[in-house]
Amino acid sequence: MSDVTRLVVGPFNRVEGDLEVRLDVAEGRVTRAEVNAPMYRGFEQMLAGRPPQDALVIVPRICGICSVSQSAAAARALADAQGIQAPPNGAHAINLMLAVENLADHLTHFYLFFMPDLTRPVYAARPWFAETQRRFAAGAGVHARAALAARQRWFEILGTLGGRWPHTHSLQPGGSTRAIDAAERLRLLARLREFQGFLETTLFGAPLDEVAGLADEAALQAWHAADPQRGDLRLFLGIAADLGFDRLGPGPGRYLSYGAYAQPAGAGADFALARGLWNAADGRLHPLALNSITEDVSHAWLADGGHAQRHPAMGLTLPDADKPGAYTWNKAPRLAGQVVETGAIARQLASGQPLVRAAVARCGGTVYTRVLARLVELARVVPMMAGWLAAIQPREPFCLSQPLPDEAEGVGLTEAARGALGHWLRVERGRIAGYQIVAPTSWNFSPRDTAGTPGALEAALQGAPVQPGEATPVAVQHIVRSFDPCMVCTVH
Amino acid sequence: MAALKVLWLQSGGCGGCSMSLLCADTADFPAMLAANGIEMLWHPALSLASGDELISLLEDCIAGRQRLDALCIEGALLRGPQGTGRFHLLAGTGKPMTEWVQRLAGVATHVLAVGSCAAWGGITATGPNPTEACGLQHEDDHRGGLLGADFRARGGLPVINIAGCPTHPGWVLDTLMALAAGLFGADDLDALGRPRFYADQLVHHGCTRNEFYEFKASAEKPSDLGCMMEHLGCKGTQAHADCNTRLWNGEGSCTRGGYACISCTEPGFQDPGHAYHLTPKIAGIPIGLPTDMPKAWFVALASLSKSATPRRVKHNATADHVVVAPAVKKTRLK
C-alpha cells in the first residue's frame, strides 16, 4: 500500500450545506473514505429551556430545503406529548405540504444537483453528451430552466397552504392553521395538474401511471428502448447503463422508512407509504424497533457524557472541538447496532413498489437505483395528492387546539425527501428539557461508530474509481449526490 | 454596461435564503438574471464548479485576477469555539469560513448580508448562542459583527442587510438589479442597513385581517380568522417588511397562512423574551403596540372599536372559515 494517496475533496456544492470527504486512493480506486460535516450550529442546545411551542418556529430553520419536514416532526413530537391528533382536513393539508416539498426536492435534485455533473468535459466523448448538455448544463440547460420554472409554480401550492416556503408556521400539533375553501381547492388542483403536465411532458415523456406501473426492469428496459431519448428519465437510463451506475456506490442493503404521509384515523392504513425496515438480503419488510435506535458519538466532535451510544430520548449534544479521533460534527445513528440507508429508495422498497424492489434485488442500492426511486416516487405521489385534495371537506375543521402538559415526552417521526427524520422531545416544568434530532443524512453520511464500522456513504465510496489527475473525482461526486445529502440537517 | 459579478457563499444558516431565491417569480430564472445585468460567478445551488474549482475562484477574487462586484453571504458567521472559527471550516481548505469572508469582503465592491442570520446572527445566534454566531456588520442591533462597525465595502456602502428569515426572493433580486443598474446609494438604506424599498413598509400593510384589526376582533387559537395581534403574538404592526403587499409563493404571507408575524426582518427576533405564539400583556394590554402609536390612543381606540364590532366580524374572528357572510342589503349601496 505504498502508493496510497490522500485526497481531501470539498467543498461540495449542489448539496445542502457543507461537506468534505477524505479519500485514500490506491490503484485508481478509493480504499477508504471519511465523511466530514465541517459546520456545527447547535439547535439541540438552542432549544433547551424554551417554551415547547417555540420548536415550531426554531426547528424549520434547521434546513431551508426540507423545512416543512422539520416542522412536521416538531408538530408530531408536540402532538405526541399532548395526546392530540389533527382532524382529517388538517392531516390532508399537512400531507399536501410535505408532498410539495418532497417532490420539489426530487425535481431540484435531478435537474439542478445530480444531472449537471454529467455535462462535465470528462464525458465529452460519450454519445449522449451533447443532448445531456443541451438539457442539463448548469444555468443554461433548457430542461433545467423549465424545471426551475415548474418548481416555482409548484411551490405556489405551498404558498397557499402554508403562507410561504421555506419556514411556514402553519403546521401545528393539532393540524394546519390555513383552512382552504372550495374555490381554493380547485385552484390547487389546477396547479397540481400543471405540474403533472411538466412531469409527463419533460421528465417522463409518458403518463404518470405508465411510469408508476412499470412492474420490473424488463418492462423498464422495453419502455426505454421504445423511445430512448424521449423524456429525461429515459435519457438518464441510457447514461446510467453506459456509465455502470448500477454498480456504483453500493448501499448497506438495509433500508429504513418511518412511513410517509400519515393517514387520518379510519383511512384504512397508517401511512400512504408504509413504515418498516427493508432487508435486501432476505427480501422482506421488518417491523421497526424504535427503541433500538442509538446515536454513537465516538468519531464526532461531541462529548459523550460517559456513554458513546445513546437512544435519542436520552441524547446529549455538547461540542468538543478537540476530541481525539473525531473527524466530523455528525453523530453515527444505528438501528440495532447496524448501518442503514434511508431515502426515497427506502420508502419505495417499504411500500412495495415493484420496479424499485426488482432493481434493488438485482443490483442493490446504487447511484442508479437511488435516482430511479426518486423519479418513481414523483410519478406515484402526485396522483395521491389529487386524492388528498379531493378528500378535504371545506367548512370542516383544519386545526384543533389543546394545552400542553408541563411534564411530557413526545416523539415526532416523519419522512423528509432524504428519508427518516425523528425528533425526540422532553418537557419539564413547562420548558424544553431535552430535544434531539436525528436527520436522514445523519444516517446516510454517518461517520464510523465505536466498532469502527463506516457509515453508509463511507462504505459506498470504497471502490469508487478515481481517474488520473482528478482532484474532485467525478465518480465520487455521482455517489455523494445520489444520496441527495442535506448537511445542514445532519449537523443541525 | 458590464454585468454585476456576484459570488454567493453560505455559512451558519439553513440554506433557506438560497431556496427562497429559486422561488423568484419568473418564467426563466437564468434569463431574468442575464437580462438585468446580473452574472453569478458562483452560487451553491446553481453552479457546476465544485471543490478545487471553487477554491481557485475564491483565490482569484482575493488576488484581484477576478473582479468581484457583489459578495453575498448567507448564514451567520460562526466565530466559535473560543474565537477560532472552527465551527465552520470551509470544506477542502481547513480554514475558517470567517477568514474567507473577511478576505473576500476586502476586495468586493459591495457586500450583502442575505437573510437575518448574515445580517444580525439570526436564529443561529439564539439562546446561549453556542457557536458565537454574529452577522457581517451587526450582532443583533449592535453594530460590529464580523467585519466591524466601521467597515465600508470598496464601493463605499456598509453591508447591505437584506434581512428576513428567510429573505424574500424579490428583496434580493431588486437589490442586485439596483446595484447592477447603478441605482442604489446610501440613501436607499434604512438605519439598520436594510434596503428601504421593503423596509419602509410594515407587514401590517395589506394584511387581509385588517377589518378584524380595526375592530380588535381577535383570533383565540390557531386557524382562527381574526386579528392575531391581541392574543397570538403577531408583530405585523411593528415589523418592517412588505410581506402582505409583495406576496410569497404566489399568494402567501405569514398572516395569510394563519399564523403570527414573528418580525423575522428585525434584529433580535430570535429571542423575543416570550413564547412566540402568545402576546405578552400588562393588565390585558399588549406590550408591543403598533409602531408610531401612543399607548393611550391604542387603549381608547381599542375599547371603542370592540364595543362597535359588527356581529359578522366578531363571529368570524374565532372561526376558521366565514360563518357569517356579509349581509345582502335589500337596497342599493349608497
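The values are calculated or read from the model by the stated rules, or taken from the named source; none is laboratory data. Because the structure is predicted, anything quoted here is derived from the model rather than measured. In this analysis, Cβ positions are derived from the backbone assuming ideal geometry, glycine residues included, and neighbour counts consider all displayed protein chains. Side chains are part of the model used for accessible areas, which takes the heavy atoms of the whole protein and leaves out ligands, DNA and RNA. Shrake-Rupley method; radii C 1.70, N 1.55, O 1.52, S 1.80 Å.
Structure notes:
- Dipole axis of segment A:188-305 (+1 Lys, Arg; -1 Asp, Glu on Cβ), positive-most option in A:271, A:228, A:249: A:271
- Translational diffusion of segment A:222-286 was estimated from the Stokes-Einstein equation, with Rh taken as the Kirkwood radius over Cα pairs; at 25 °C and 0.890 mPa s the coefficient is 163 µm²/s.
- All alpha carbon pair distances within segment B:53-182 were sorted into 10 Å bins beginning at 0; the resulting P(r) in whole percents reads 14, 43, 36, 7, 0.
- Once B binds A, the 1.4 Å probe can no longer reach about 5900 Å² of accessible area, counting both sides.
- √(5λ) per eigenvalue of the Cα gyration tensor, segment A:313-360, largest first, Å: 34, 12, 9
- Extension gain (nm, one decimal) between residue A:411 and residue A:27, 0.36 nm per residue minus Cα-Cα: 133.5 nm
- Compared with the dominant principal axis of the Cα atoms in chain B, helix B:52-63 is inclined by about 80°.
- Where chymotrypsin sites (Phe, Trp or Tyr not before Pro) fall in DSSP loop in segment A:339-412, at most 15 other Cβ within 10 Å: none
- Values of log10 I(q)/I(0), in the order q = 0.13, 0.21 Å⁻¹, for segment A:238-352 under a Debye, Cα-only, solvent-free model: -0.68, -1.09
- Helix runs (DSSP H) in chain A reaching 24 Å along axis by Cα, Kyte-Doolittle at least 1.0: A:367-391
- Over all pairs of different C-alpha atoms, the protein assembly as shown has a mean inverse distance whose reciprocal, the Kirkwood radius, equals 26.9 Å.
- Chain B: most fluctuating residue of B:304, B:192, B:278 per GNM, C-alpha cutoff 10 Å: B:304
- Both radii were evaluated on the Cα set of segment A:374-477; the Rg over Rh quotient, with Rh as the Kirkwood radius, amounts to 1.15.
- Antiparallel beta bridges, as assigned by DSSP with both residues in chain B, represent about 40 percent of the total such bridges.
- Size of charge dipole - chain B - debye, nearest 20, with Cβ of Lys, Arg +1 and Asp, Glu -1, no other charges: 1380
- In the protein assembly as shown, helical runs assigned H by DSSP with n ≥ 4 each contribute -39500 (n - 2.57); averaged across all residues and rounded to the nearest 500, the mean residue ellipticity at 222 nm is -9500 deg cm²/dmol.
- Taking every DSSP bridge with both residues inside segment B:1-96, close to 25 percent are antiparallel.
- Longest site-free stretch - chain B; sites: GluC sites (Glu not before Pro), DSSP loop, at most 16 other Cβ within 10 Å: B:1-219
- Between residue A:451 and residue A:130, the distance separating the two model label sites (each 7 Å from Cα on the Cα→Cβ line) works out to 5.3 nm.
- Residue A:222 versus residue A:149: modelled label distance in nm, points set 7 Å from Cα along the beta carbon direction: 3.6
- Whole-percent P(r), segment A:5-95, all Cα pairs, 5 Å bins from 0: 3, 11, 15, 16, 12, 10, 10, 9, 7, 5, 3, 1.
- In segment B:39-145, the trypsin sites (Lys or Arg not before Pro) that fall in loop regions by DSSP, at most 11 other Cβ within 10 Å: B:65
- Hypothetical label at residue A:282: residues of segment A:442-471 whose amide nitrogen lies under 17 Å (7 Å Cα-Cβ projection): none
- Here's the picture: a label point sits 7 Å out from the Cα of residue B:107 along the beta-carbon direction, and within segment B:1-34 the residues with their amide nitrogen under 13 Å of it are B:7.
- Applying 1/(1 + (r/R0)^6) with R0 = 30 Å to the Cβ-Cβ distance of residue A:193 and residue A:362 gives a FRET efficiency near 0.30.
- Stretchable slack from residue B:1 to residue B:282, in nm (0.36 nm times residue separation minus alpha-carbon distance): 95.4 nm
- For segment A:79-202, the C-alpha radius of gyration divided by 2.2 N^0.38 Å, with N the number of residues, is 1.34.
- Virtual spin-label span in nm between residue B:332 and residue B:191, 7 Å along Cα→Cβ: 5.1
- Placing +1 on each Lys and Arg Cβ and -1 on each Asp and Glu Cβ, with no other charges, gives segment A:237-294 a dipole about its Cα centre of roughly 140 debye.
- Under the shape rule built on the C-alpha gyration tensor, where the axes satisfy a ≥ b ≥ c, chain A is oblate, since a/c reaches at least 1.5 while a/b does not exceed b/c.
- Å³ per residue enclosed by the Cα convex hull of segment B:113-156: 66
- Residue among B:313, B:159, B:101 with the largest mean-square fluctuation in a Gaussian network model of chain B, springs linking Cα atoms under 10 Å: B:313
- Fully extended contour minus Cα-Cα distance, from residue A:311 to residue A:247, at 0.36 nm per residue: 19.6 nm
- Gyration tensor verdict on segment B:272-321 (Cα atoms; rounded if a/c is under 1.5, prolate if a/b is larger than b/c, oblate otherwise): oblate
- Debye intensity ratio I(q)/I(0), log10, segment B:20-66, q values 0.29, 0.33 Å⁻¹ (C-alpha model): -1.07, -1.19
- Sparse-neighbour loop sites [GluC sites (Glu not before Pro); segment A:372-436; at most 15 other C-beta within 10 Å; DSSP]: A:407
- When both bridge partners sit in the protein assembly as shown, DSSP labels roughly 75% of those beta bridges antiparallel.
- Dipole magnitude for chain A: about 620 debye, using +1 per Lys or Arg Cβ and -1 per Asp or Glu Cβ, origin at the Cα centre.
- Radius of gyration and maximum dimension Dmax of segment A:318-392, Cα, Å: 18.0, 56
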